[in-house]
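Okay, so here's the structure we're looking at.
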Amino acid sequence: METSSEKEFHPKPVIMIIVDTLMDVTLQKALENNQAPVFQFLKENGQYFPTIVSPFPTMSVTVDTTLLTGTHPDQHRLPGLVWFNKKENRLINYGTSFKELRKLGIHQSLEDLFFNLNNKHISQDVTTIHEELENNDQTSASINALVFKGNTDHYYSFPKLMKWMAQLDENRAARASSEFSYGRFSKFIPSTQNKHFWKRFGFNNKASVQELNHLIKKDKLPPFTIVYLPDLDKWIHKHGRMYAKGIEKVDQQLQNVFDSFDSWEEAVEKYTWIILGDNGQAWIDSDKQRALVDLRGIFDDFKIMKLKNGVTSDDQIVLGVNERMAFIYSLDPNNVPVENLVPLLEKDDRVDVIAWKNKDHIEVRSGVQKGELRFHPDGDYTDDYEQTWFIKGDTDLLDLTLTERTIEYGEYPDALARLHSCLNSHDGDYLIASAKPGYEFIGEGSPTHVGGASHGGLHEQDSLIPMIVTGTDSSPSHLRMVDLKEWILSLL
Ligand SMILES: [Zn+2]
């Protein structure tokens, strides 16, 4: 029901900029060094939330799906960048490395990325911000975000060679936001000779900013625009968590946007700005031997599915490696129950959280400390997010502090809900492992970040992201990614 006061409410368009791997520590360092004038300006003219909690695993596709749908992975069903689809009996990978994609087959990998992720894999039972707006006859734009599920059909334009090599069908629609920009495959600016548009097929900060500037200049911004800036993730992976130079480079790109107004003040008067990260990154040891936890070695007594062959009749387990987090699947739960795999992981002191589903509850173990912990929703303990839990065992395993009735989280923010939802995010018999900061998992063809940084894990280094908001005094009900959708819709 609309009241008369609501009718008079003319909200400013919201521009939400997701800076992949924006972290509070890096941003603070850049601000101290005066390397980030736009961030500084927005912070002084808005609210700053340094510790928003990401869902688990802390991988962009899962995080962005949670952000857009306001649900955990157990509802939106996008478990990770890499996961095993039991129904189709195959490993899905939306793009960790070219080596892995080539082994899984270029056609299938690109089909998954361009079509299946948004059209099929995200549950039909959840709605994104784009869909909510379209259902209310409002429009929205998505620029270079990997998650864009919407109600409008868009057709890609693939380069000839790629179309031929990967056998891609251009006549099939991607269901996306009403305004949709996606690399060089779907864009607002009709043609461009600029070379940077072709760098990584137009998935770079410069191209994202150029598309945003196009909408601003033409005064075509819809009520809600989401802009994804991918580059900082790669720089932090390589140079580590304290790479303030990366923030400086992002800020220069934001200056490009803000300088297109008569003044920066005009930019914040005209629009509501939300600038946030999507996942953090944990530091990675510079000793390669120690840094990389090779799951093929840990499980060498078992027959592990080879990427190139897919599942064969004698395969016993499948590795779904998401950098600092891994899904380990049993293909033969009668002979190889996932509990039997746990002791092998417990032997490794670089694995700090191991968890799996045991009927209606979750079991937790660790390679760092001895002990057993078990929990399930609905119990006598209440956490900061008004969730209640039954909990029994060694709470140190998840760094929980219990009082008579409450739970406080330590190094693993919102650990219980995030583990519970991850272990209910898709079908199959699997356990999950999360690495201690300093280490990352590898399987066949996994990317590595020795001496740099990496993410995916449950730890706060992977999980906490900052957010700057201008143009409103309101704030989300809780400071978690899963709570942002409802709040964003309230701004529109
Ligand atoms: Zn990354």
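The values are calculated or read from the model by the stated rules, or taken from the named source; none is laboratory data. Predicted, not measured: the structure shown is a model, and the values here were computed from it. Here the Cβ is made from the backbone with ideal geometry for all residues, glycine too, and neighbour counts use every protein chain on show. Surface accessibility is based on the protein's heavy atoms, side chains included, excluding ligands, DNA and RNA. Shrake-Rupley method; radii C 1.70, N 1.55, O 1.52, S 1.80 Å.
For the stretch 288-451, what % of the accessible area comes from carbon and sulfur atoms, probe 1.4 Å? On the stretch 288-451, the fraction of accessible area on carbon and sulfur atoms equals 40 percent. Ignoring any ligand, DNA or RNA, what whole percent of the accessible area of the stretch 50-133 comes from carbon and sulfur when the probe is 1.4 angstrom? After summing per-atom areas, the C and S share lands at 50 percent.
Expressed in units of 2.2 N^0.38 Å, where N is the residue count, the Cα radius of gyration of the stretch 195-321 is 1.55. Across Phe302, Phe441, the residue with the most accessible area heads the list, and the full order at a 1.4 Å probe is Phe302, Phe441.
Arranged from highest to lowest average of other beta-carbon atoms within 10 Å per residue, in what order do the peptides 174-183, 253-262, 400-409, 127-136 appear?
Packing proxy ranking, top to bottom: 174-183, 127-136, 253-262, 400-409.
Taking every protein chain into account, the 1.4 Å probe leaves Asp233 with about 20 Å² of accessible area, to the nearest ten. Of the peptides 164-170, 221-227, the ranking by mean beta-carbon count within 10 Å, highest at the top, reads 221-227, 164-170.
Sequence-distant contacts, meaning Cα pairs under 8 Å at least 6 residues apart, place the relative contact order of the chain at 26 percent.
Full extension of the chain segment joining His107 with Glu386 gains 96.0 nm, where the gain is 0.36 nm per residue of separation less the Cα-Cα distance.
Spin-label model, Ser490/Met242: points 7 Å from Cα along the beta carbon direction are separated by 3.9 nm. Remark: the stretch 288-451 is approximated by an ellipsoid whose semi-axes, taken from the C-alpha gyration tensor as √(5λ), come to 29, 18, 13 Å, largest first. On full extension, the segment bounded by Asn34 and Lys370 gains 116.4 nm, given 0.36 nm per residue less the C-alpha separation. Structure note, pairs Lys218/Lys270; Lys86/Lys288; Lys12/Lys217: Cα-Cα distances above 24 angstrom occur for Lys86/Lys288. Put Glu339, Glu363 in order of accessible area, highest first, and with a 1.4 Å probe you get Glu339, Glu363.
Summed over the residues of the stretch 288-451 and divided among them, the accessible surface reaches 43 Å² per residue at a probe radius of 1.4 Å. Note on the chain: the C-alpha convex hull projects to 23.8 nm² when averaged across all orientations. What does a probe at Asn119 reach in the stretch 151-181, counting residues whose amide N is under 12 Å from the point 7 Å along Cα→Cβ? Correct set: 153-156, 168-176. Sequentially through the stretch 455-471, phi angles give Karplus couplings (6.51, -1.76, 1.60; θ = phi - 60°) of 9, x, x, 8, 5, 4, 4, 7, 9, 9, 10, x, 9, 10, 10, 10, x Hz, Gly and Pro residues having no value and appearing as x. Lysine pair count for the stretch 314-395 (Cα-Cα distance under 19 Å; residues 8 or more apart in sequence or on different chains): 4.
Here each label is just a point 7 Å from Cα along the line to Cβ, and for Asp360 and Thr401 those points are 3.2 nm apart.
Suppose we keep just the DSSP beta bridges with both residues in the stretch 288-451; what percent of those would be antiparallel, to 5? Around 85 percent of the beta bridges assigned by DSSP in the stretch 288-451 are antiparallel ones. Taking all protein chains as they are arranged and a probe of 1.4 Å, the heavy atoms of Lys206 leave approximately 110 Å² accessible to solvent. Calculated mean residue ellipticity at 222 nm for the chain: -7500 deg cm²/dmol, from DSSP H runs with n ≥ 4 weighted as -39500 (n - 2.57), summed, divided by the residue count and rounded to 500. Label separation (Glu266 vs Lys306): 6.3 nm, computed from points 7 Å beyond Cα along the C-beta direction.
With protein chains left intact and a 1.4 Å probe, residues in the stretch 217-272 average 45 Å² of accessible area per residue. Ordered from largest to smallest accessible area (heavy atoms of protein chains, 1.4 Å probe), the residues Thr62, Thr382 come out as Thr382, Thr62. Only protein heavy atoms count here; under a 1.4 Å probe, His121 has an accessible surface of about 20 Å².
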